[in-house]
Every structure is written in C-alpha cells, then in structure tokens.
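A quick write-up on the structure given underneath.
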Amino acid sequence: MAVKLLLDKAHIEGIRYYDTWRKNGGYTAVEKALKMTPDEIVEEVKKSGLRGRGGAGFPTGMKWSFLAKPEGVPRHLVCNADESEPGTFKDRYLMEFIPHLLIEGLIISSFALGSSATYIYIRGEYAWIPDILEEAIAEAKANGWLGKNILGTGFDCEIYVQRGGGAYICGEETALIESLEGKRGNPRLKPPFPAVQGLWMRPTVVNNVETLAAVVPIINMGGEEYGKIGVGRSTGTKLISACGNINKPGVYEINFDLSVEEFIYSDEYCGGIPNGKRLKACIPGGSSVPIVPANLLFKTAKGETRYMNYESLSDGGFATGTMLGSGGFIVLDEDQCVVRHTMSLAHFYNHESCGQCSPCREGTGWMYKILKNIEYGKGKMSDIDLLWDIQRRIEGNTICPLGDAAAWPVAAAIRHFRDEFEWHVLNPEESQTRNYGIAHYADPREVVA
Amino acid sequence: MSDQKFKVTIDNITVEVAPGTTIVQAARLIGGDVVPPTMCYYSKLEGSGGKCRTCLVEVSKGSEKDPRPMPKLVASCRTTVMDGMEVKSITSDKVLDARKGVTEFLLLNHPLDCPVCDQAGECDLQNLSYEHGAASTRYDFKRRTFEKEDIGPYIQLHMTRCILCYRCVYTANQLTDKREHGVLDRGDHSAISTCIGKALDNEFIGNVIDVCPVGALTDKTFRFKNRVWFTKPVDAHRDCPTCSGRVRLWMRGDEVFRVTARKDEYGEVESLENGKTAWICNTCRFEKKETKDWVIEGPTKVNRHSVISQGHYVNAVNGQPKLINDVIGKDPKLLLDIHKISDVNRPEIDLSQIEGPAHSDDFLPNQSTGTMKQIGKLGE
Ligand SMILES: Cc1cc2nc3c(=O)[nH]c(=O)nc-3n(C[C@H](O)[C@H](O)[C@H](O)COP(=O)(O)O)c2cc1C
Ligand code: SF4
Ligand code: SF4
Ligand code: FES
C-alpha cells in the first residue's frame, strides 16, 4: 500500500475546518516546530531531500539556506499558488479541500525563514479559493497559530492572500514578485535572485503550495524518515494531477517507486484508457515538458522500466526522456492528433508570453501560425524544419524559462512525431477528415497480447 | 579597494575595468566590431537592457576563481565582468547564430517602411539588419499593425514600428514625475501606450524620441520634412532655464529642421561635465527652430555606425577598430557601403562643404542640376 503524507486525511468529512483538522492531529507540526530553532527546521528540510514541487525540482533545503539575512532587513516567504500550467491542478485540490495543511506548512516555513509577512499569490481564475484560504487563516489566527507572539515564542506572523490577474507568467517567481508589488508581471533579470533581492528588494523565498505543504509531514516524522520514503533523490510523495484519455482523471498522491504503466492502468490510479483505445503518447509533467511516445513511456531507451520519479522520467535526456515537472500528467490515446495538440500548446505560450524579450515574444507567435497552417492543410515540408529552427533559437536565449517551455513541446513533437507532421503536409485534404492514428510504433501493451 | 581592476578578455582582446562594469561597457572600451549590438540597453537609463537579446555573448571562462564557462549565452548589457573572465562575441558561431535569430525575430513584425520612416538613416534596427539580417524573410504571415497615435502635441507614436525595448518607458518614468507611459497587454500584442490615451505634457517628455532606437516615436515638428542624411548636424547651445541647452541642430542651409540631444556613437545622449545626462527640454527641442536662437559651435563629429556616417562629413571619425588583428579568425565586417548601391549618395560629395541647402539633385551622377557649382569647389 502506498504511503500517503499529504492526502492521508483528505477523505475525512469537514477536514476543511479547523476543529476537524485539529482533532485529526492538525497543528502538532507547528507545536513541534516552534520549539525548535529556525536553523534546526532548515536542517530537517535539508535532510528530507525535499525538492521543489513547482516544476524545476530544486532542493528546498538548499534554497532556504541561500536566503540572505542582512541585519535589520525583513524577509519574506511567498507561496506560489498561481498554478496555471495546462494539465496541472494539484495545488488547487490541496487548497480547496485541506487548506489547513498549507497554512500549517506556511507557519512553520515562515518561522524557519523569519518571515513575519507571508503571502499566498493565487491564480486569478481560482476565484472561490481565496475565501476558503482566508477562512482557514482566520480560524488559525483565532486559535493563536498566527498573529503576535505565537505560542509565546515572540514570533509574529501574518498570512495574506493575493489574487493574481489571470496571467500564466505570474507563476514565474520574479514575475510573481513584480505582480505582488503592484507592477506589471514581467520576469526580472537574474541575478540578483529573490533570495537576495526579492519582494520589495528584500530577501525572499518563493515556494510552491505542495512544497510548503510537504514541510508538515517532514516536521512530524523528521527529515530523515521522510528522506527514506522514495527512490534515490526523489524523496517523499508527489501529487499528480492526471487528465486526458483516462478512465479516472483526478489528483493522486503517488510514491516514487510506482511505474508509469501501473499509474496509467491500475484501478487505484488512472484506471486505464476508456473505450479500449490504445495509448499514443503522454506528457507526464505539465504542458512544458517534452511529450513522449508510448514506446518510450513504459520503458526507457535502455529497456528499463520507467517510474514516476524525477530521475527515471528524465532518463535519456530530451532525446528519449522527459521530466516530472509539476506533475500535470496528460494522456493521449490513438485518436489524438499530435499536430493539433502541439498547435494548441503553441497558442497557449504565444498568448501567455509577457513580451519582454524578442525571441519569445515573436517566436511563439510565429510557431503558432506555422502549426496552424500545418494543422489546417496549408503547411509546407520546409515549415517543419523552420519550426525546428525557430524553437532552437528561442531555447536558452530568453529572460525566463517560459521561452524554453514554449520551445520544448514543439521540439519533442517534431523529434518523435515527424511522420505525423509530414503526413499533414502531404495529405492536406485527408488530414482534415481523419486523424493519423497511432504513430510508427505499436502500443507496448498490445504487443504483449 | 576603489582602484581595484578586473581583467576581462573579449574576442582575445584584454582590457582592465572597474568592478561592476558590464561586458558591453568593457567591449565599448575596446570599440569596433567586438562591441555587441544593443537595441534595448541604454547606459543612461537605470534598469534598461536585458530584453531584446541582441547583445548575447558567450562566456567561455567565468572568472579566474571559477573558470567554468556559463551554460547559456548571456545578455552582455546586464552581466557584470569578473576578474579573468573570457568572452566571445564575434568569435563565437553560437553568438552570431543567436544574433541572426534575434534580428529575424525583431524584423518579423516590423513594417519595413523605411522609405517613409523618419528614423531611416539613423535607425538602430536598420544597422542591425545590415550586419546580422538575412536578405529575405521566412515569415509569410500578415504583420501586426496598430493605428498611429498622437501622444501630445509634439510626439507621434507609430506602434507598428516599435520593438518593445522599453527605453521610452524608463525615460518617462525616470525623467518625469508621473507614471503615465507604459506597456499595455502582453506578448506579441503588447503595445506602448499612455494612460489612458492621455497626452504626455511633461517638459522633458520629448527625450523619448531620442531614446527610441526605431521610428516608433517621432518628432511631429520634423515628420516628413526631410531625410536625415540630407541634413547637416551642427552642435549648438543656448542659455536655457530648464535644461543644459546643449543640442544638435539638423540643418539644411540656414534652416533648422530638427533639434535633438547630442548623441554619442552608440546613439546615447551624451553626459555633461557634471556626470548628468544632457537630456533637453521640449522648448529647446520643439520651439527653437531658428539659427538666431542658438550659438553654433560647429559641425558635429559624426562617428555613429550608421548610414548618416556615410555622408562624409568634415570631422567624421572612422569607427573601425585599431585592434582588429587581435581578433583571431575573423575579418572585420564593414557596414554596407551605401554609396556602392545608391546613386543618390556619392562619397566624393562632402555634405559639410555644401553651403546652401542640399538637394537630391546634388547627388545625380550627371551633375547638371542643383547646386553643383558648390561641388566644383571641392576641385578633385
Ligand atoms: C512561466 C512559468 C510559470 C510558472 N508557474 C508556476 C506556478 O504556477 N506554480 C509554481 O509553483 N511554480 C511555477 N513556476 C516555477 C516558479 O518560477 C518557481 O520555480 C517555483 O515557484 C519555486 O517553487 P518550488 O521550489 O517550491 O518548486 C513557473 C515558472 C515559469 C517559468
Ligand atoms: S521568455 Fe517570454 S515570458 Fe519570459 S521574459 Fe521573455 S518574453 Fe517574457
Ligand atoms: S516606442 Fe521606441 S523606445 Fe518605446 S519601446 Fe517602442 S521602440 Fe522602444
Ligand atoms: S541590449 Fe542587451 S538585451 Fe537588449
């Protein structure tokens, strides 16, 4: 049976509210943490091996230890709840159904980092969730977990909820900070990093919702115990939001030793693909990570089983692997068109580019237009190479990773599904009436049968 | 520690600079072809740069202490040098390829209406395309367009030409007290605008015209009056109660067609002796259009890498590097010589020797019309 550390209490009726949460062991982690020193908490998080759940997977303990601590300058913790990556909806689940887990994580982390004004920056479209969070914050405050001199430690802390305006780019940590300051959400140039000059030029840590929630079990069980769960450098558990052509879309808490095949086909998780369709491809970590065809999904290029963890998913690099990313797991069956799919992602990045740097501003729109031509039967063979050239010149040449995030899906689609692009170009009329179907390989499960 | 110096090597040429110097500033000390093109960076504007990505360079050695190369190309305008750093600008194929890419991106939606654009001849985007652009476009879609907009009585915004360098935004924020000029919307539909379509009426707002690298912000008192290469730049000053009063007049004969701030070879407004930037006020720029308003100092030393520098003015300074032999493996690439491809501009004609107003007839090969009598004086 898989270990659950985040969603273990999610099924309890009324868990959204303080009394139920407290009765079920809530806020014991805060009690424990506030008896420790801030440095001891950072040390526990380091020992846990926790990696950022926002997408990049940067070790959280290390990030915390980089925080500058100049004398007399306030520091801030900012919780990134902007969750706007297509396919990713795990933070929403946490905030909506077990908000006190996040509040608890925020109080402990604020204490560890010395933040007396902590912010939750939440995606604008999550219009009903700020009320839930604010209610939970008020409950916590009424019970003495927030406010002045918490538990007699002398530590003061307030948590503020700030709604975003509906821009994906404001999930990038420095754009988020600009937006929080009331400015246009343009990413900043780095260095300086937020750990040195963040919110109002003060040292700041920005962490994802799930990362901060994971601090609670780390304190409860100890960093070392937490670190024992998982495989290699993938420790603890991970929330995966699964969607696309599966029987049971939803948010699952997984252990890192789960195989990709089991995740898709077991009834405990996605429950297989509906209507007996075959598997074509998968984007396992949110729209920015490379798409992988079915033949590279269950087994790596070396023939080893692929697991749902950081290392295994990225085995083979971008040539034959992908990334765990933010855990937005999108499954495509044989009826899906990769060209159309890539086009819609290109449209998204074109729409969401902040427009500061020229490769991303101009390149994303150009790629979208070319993909639209190919999809609608107006493409040329040379367009495929042109797309490759454009994405190559965006990648790595921009201010923030959105440029890369726009380039990678296009690159991966061409790398693995070039035949499908060519088929669209060579069969402009037929491609308007039917899908290409499964690509040049068979569904790996079909071969067995 | 104040006289500590960092050694930095750019395209095999080493210079010593103060800590805190950016790679671009160090390259400008060397001068010539190793200087990365800068479309958004403007040393006189705090926070500018980092956006256009034309100045990308390769850092092949991070510093003496940490010699690892940087994994990605970096924006040289916003990256400070470290002691022992080694940088590749035109000696890196990766850099040249990226610049070509950025140039293509910048031109993608640009209208290329140079024949009717007031900036033609002193446009940074034109210069960039000569050096790094391709002969034809690979973009076969409709280019985005915007309506022209008057922002105040003197300035016109031609958003279609804008490359979103944000220089005018920084100028408006830093020179004027109200924040009323900024960027609306995002991505490739973002646009420069004033809040909300309001006129910009600050005494110093005219400087946005000077910082604009392209013809997106133009001087309405000069629009379509002349081509810059037909006018003669002359340095002049007046005793102005608002600004330094140190300007450049763009003249034809005795007529003042345009007044701008004095810009250096990188298109930036020059500094005054006190270190401040010689921005000029609207009165000097828009309202003093007679020679009697000004004390003329003499013809400008034109040393910009630009079409106007091809006009063979008196005092023209050749911007080619002295150290180019050190740049192993690359020949210096000269700017396209406009005289070779145009009948209108001819090198043997020295604009600053023409006393009366220059006229396109002056440049006709058969020399039968116009003010040819004056050319005769050159006596070649
Ligand atoms: C375009 C873009 C969008 C992003 N959106 C989010 C987001 O919605 N939520 C999030 O947690 N991180 C997002 N990130 C990552 C953040 O910049 C940052 O790395 C993260 O919040 C760090 O938290 P972690 O270390 O806990 O993962 C985004 C990054 C980029 C470049
Ligand atoms: S990469 Fe795109 S989103 Fe990021 S700063 Fe540049 S233009 Fe903005
Ligand atoms: S109007 Fe000119 S100065 Fe302003 S952003 Fe556009 S190109 Fe730059
Ligand atoms: S000049 Fe450096 S990025 Fe524009």
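The values are calculated or read from the model by the stated rules, or taken from the named source; none is laboratory data. Just so it is clear, the model here is predicted, and its values are computed rather than measured. Neighbour counts run over all protein chains shown; Cβ positions are idealised from the backbone, glycine included. Surface accessibility is based on the protein's heavy atoms, side chains included, excluding ligands, DNA and RNA. Shrake-Rupley method; radii C 1.70, N 1.55, O 1.52, S 1.80 Å.
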Using a 10 Å cut-off on Cβ to Cβ distances, tally the other chain neighbours for every residue of B:177-188 and report the average as a whole number. 4
From the convex hull of the Cα coordinates of the range B:168-274, what is the mean projected area in square nanometres? 8.6 nm²
Mind checking which of A:174, A:433, A:322 has the largest fluctuation in a GNM of chain A, springs on alpha carbons under 10 Å? A:433
Among the DSSP beta bridges whose two residues both lie in the range A:18-228, what percent are antiparallel, rounded to the nearest 5? 10 percent
Leaving out ligands, DNA and RNA but keeping every protein chain, what accessible area does residue A:421 have, in Å² rounded to the nearest 10, with a 1.4 Å probe? 0 Å²
Over the whole of B:68-80, what's the average partner chain Cβ count within 10 Å per residue? Rounded to a whole number, please. 2
Cα extents of the range B:85-179 per principal axis, largest first, Å, are 46, 39, 24
If you add up the charges near residue A:267, with Lys and Arg at +1 and Asp and Glu at -1, over every other residue whose beta carbon is less than 14 angstrom from its beta carbon, what do you get? -2
Amide H neighbours of residue A:172 under 5 Å, at least 5 residues apart or on other chains, H built in the peptide plane: list them. none
The range B:224-281: relative contact order as a whole-number percent, Cα under 8 Å and 6+ apart: 28 percent
Got a number for the accessible area of residue A:193? Probe 1.4 Å, square angstrom, nearest 10. 110 Å²
Could you state the principal axis extents of the C-alpha atoms in the range A:1-133, from the largest down, to the nearest angstrom? 44, 34, 32
For the range A:338-433, what does the relative contact order come out to in percent, with C-alpha contacts under 8 Å and a separation of six or more? 34 percent
Considering the Cα trace of the range A:168-271, what is its radius of gyration and what is Dmax, both in angstroms? 18.1, 49
Can you list which of the trypsin sites (Lys or Arg not before Pro) found in the range B:251-296 are DSSP loop residues with at most 10 other C-beta atoms within 10 Å? B:276
Where the accessible area of the protein assembly as shown is counted over protein heavy atoms with a 1.4 Å probe, how much of it, in %, is carbon and sulfur? 51 percent
Alpha carbon Rg of chain A, scaled by the compact-globule rule 2.2 N^0.38 Å: 1.00
Can you tell which of A:338, A:231, A:205 shows the greatest fluctuation in a Gaussian network model of chain A with Cα springs below 10 Å? A:231
What do you get for Rg/Rh over the range B:6-106 if you use C-alpha atoms and the Kirkwood form of Rh? 0.94
From the C-alpha gyration tensor of the range A:238-333, pull out the three semi-axes of the equivalent ellipsoid (sqrt of 5λ each), sorted largest to smallest, in whole Å. 18, 14, 12
Proximal charge balance of residue A:378 [Cβ under 12 Å; K/R count +1, D/E count -1]: -1
Within 10 Å of each Cβ of A:188-195, how many other protein chain Cβ atoms are there on average? 2
Accessible surface buried once B binds A (1.4 Å probe; total of both sides; Å²): 2900 Å²
Grab the DSSP H runs of chain A that are 4 residues or longer, score each as -39,500 (n - 2.57), total them, divide by all residues and round the 222 nm result to the nearest 500 deg cm²/dmol. -12000 deg cm²/dmol
Using heavy-atom solvent-accessible surface (probe 1.4 Å) with all chains present, what is the largest-first order of A:179, A:287? A:179, A:287
What list of ³J(HN,Hα) values in whole Hz, one per residue of the range B:285-301 in order, does the Karplus curve 6.51 cos²θ - 1.76 cosθ + 1.60 (θ = phi - 60°) give from phi, with Gly and Pro shown as x? 6, 9, 10, 9, 10, 10, 4, 5, 6, 10, 9, 7, 9, x, x, 6, 7
Whole number please: convex hull volume per residue of the Cα set in the protein assembly as shown, in Å³? 193 Å³
Heavy-atom accessible area of residue A:267 with all protein chains present, probe 1.4 Å, nearest 10 Å²? 120 Å²
Distance cut-off 26 Å, Cα to Cα: go down the list B:51/B:225; A:248/A:277; B:72/B:263; A:90/B:72; A:183/B:178; B:72/B:100 and report the pairs above it. B:51/B:225; B:72/B:263; A:90/B:72
Mind checking the range B:30-106 for chymotrypsin sites (Phe, Trp or Tyr not before Pro) that DSSP puts in a loop (not H, G, I, E or B) and that have at most 14 other Cβ atoms within 10 Å? none
For the range B:1-109, which GluC sites (Glu not before Pro) are in a loop by DSSP, counting at most 13 other Cβ atoms within 10 Å? B:46, B:64
Give me the lysines in straight-line cross-link reach of residue A:46: C-alpha distance below 23 Å, same-chain residues under 8 apart excluded. A:4, A:32, A:35, A:63, A:69, A:228, A:238
What order do A:372, A:183 take when sorted by accessible area (1.4 Å probe), most exposed first? A:183, A:372
Bins of 5 Å from zero: percent of alpha-carbon pairs in the range A:18-228: 1, 8, 16, 21, 22, 18, 10, 4, 0, 0
Sorted by accessible surface (1.4 Å probe, heavy atoms of the protein chains only), largest first, B:70, B:251, A:36 come out as B:70, A:36, B:251
Across A:194, A:274, A:428, the residue with the highest GNM fluctuation in chain A (Cα network, 10 Å cutoff) is A:274
